[in-house]
Amino acid sequence: MDRLEREGYMARTPDPRDRRRVLVAPVPERVARVTAVWDDLGGAWRALLDEHTEEELAVITRHMRKAHDLSHAQMRYLRSRPKPE
């Protein structure tokens, strides 16, 4: 939260009903800036994926799911090992 506030992406304000609480809210101008970047990226991904048939997309999806599962299994394995001294 501190970094987001420091970079201007969110603001903290005291809760008017409870002085012990702080309310956190996004800064709309900064959110719009981030959204624009992701919209551009999303459009590029759509254009890339539109080049493939449904069958090709099924293969790509299956591969990505298996790669995801393999990566997470490896992370679990590495975390389960004793830490070197």
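It is to be established whether one or more residues within region 41-63 are surrounded by 10 or more Cβ atoms within 10 Å (Cβ to Cβ) and part of a loop (DSSP other than H, G, I, E, B).
yes
Consider region 1-21. How many of its residues are acidic (Asp, Glu) and loosely packed, with under 10 Cβ neighbours inside 10 Å? Spell out the reasoning first.
Residues of region 1-21 acidic (Asp, Glu): 2, 5, 7, 15, 18.
Now narrow it down to the ones that are loosely packed, with under 10 Cβ neighbours inside 10 Å: 2, 18.
Of the residues in that region, 2 qualify.
If I ask for residues that are surrounded by 10 or more Cβ atoms within 10 Å (Cβ to Cβ) and polar (S, T, N, Q), which ones from region 72-85 would you list?
74
For residue 83, indicate whether it is assigned to a loop (DSSP other than H, G, I, E, B), among the basic types (Lys, Arg), free of Cβ contacts under 8 Å to residues at least 60 places away in the same chain and more than 30 Å from residue 14 (Cβ to Cβ).
yes
List every residue pair whose Cβ atoms sit under 7 Å apart, with the two residues 6 or more apart in sequence or on different chains, where the first one lies in region 57-80 and is β-branched (Val, Ile, Thr) and the second, anywhere, is at pLDDT below 95 and not in a helix (DSSP H, G or I).
Pairs that qualify, where the first residue is β-branched (Val, Ile, Thr) and the partner is at pLDDT below 95 and not in a helix (DSSP H, G or I): there are none.
Name the pairs whose Cβ atoms lie under 9 Å apart, with the first residue in region 34-52 and closer than 20 Å to residue 4 by Cβ, the second β-branched (Val, Ile, Thr), and 6 or more positions between them or separate chains?
none
Regarding region 22-35, can at least one residue be identified that is loosely packed, with under 10 Cβ neighbours inside 10 Å, of a type outside the set (Val, Ile, Thr) and assigned to a helix (DSSP H, G or I)?
Among the residues of region 22-35, at least one is loosely packed, with under 10 Cβ neighbours inside 10 Å, of a type outside the set (Val, Ile, Thr) and assigned to a helix (DSSP H, G or I), which makes the answer yes.
The values are calculated or read from the model by the stated rules, or taken from the named source; none is laboratory data. Fair warning: this is a prediction, and the values are worked out from it, not measured in the lab. Glycine gets a Cβ as well: all are built from the backbone with ideal geometry, and neighbour counts include every protein chain shown.
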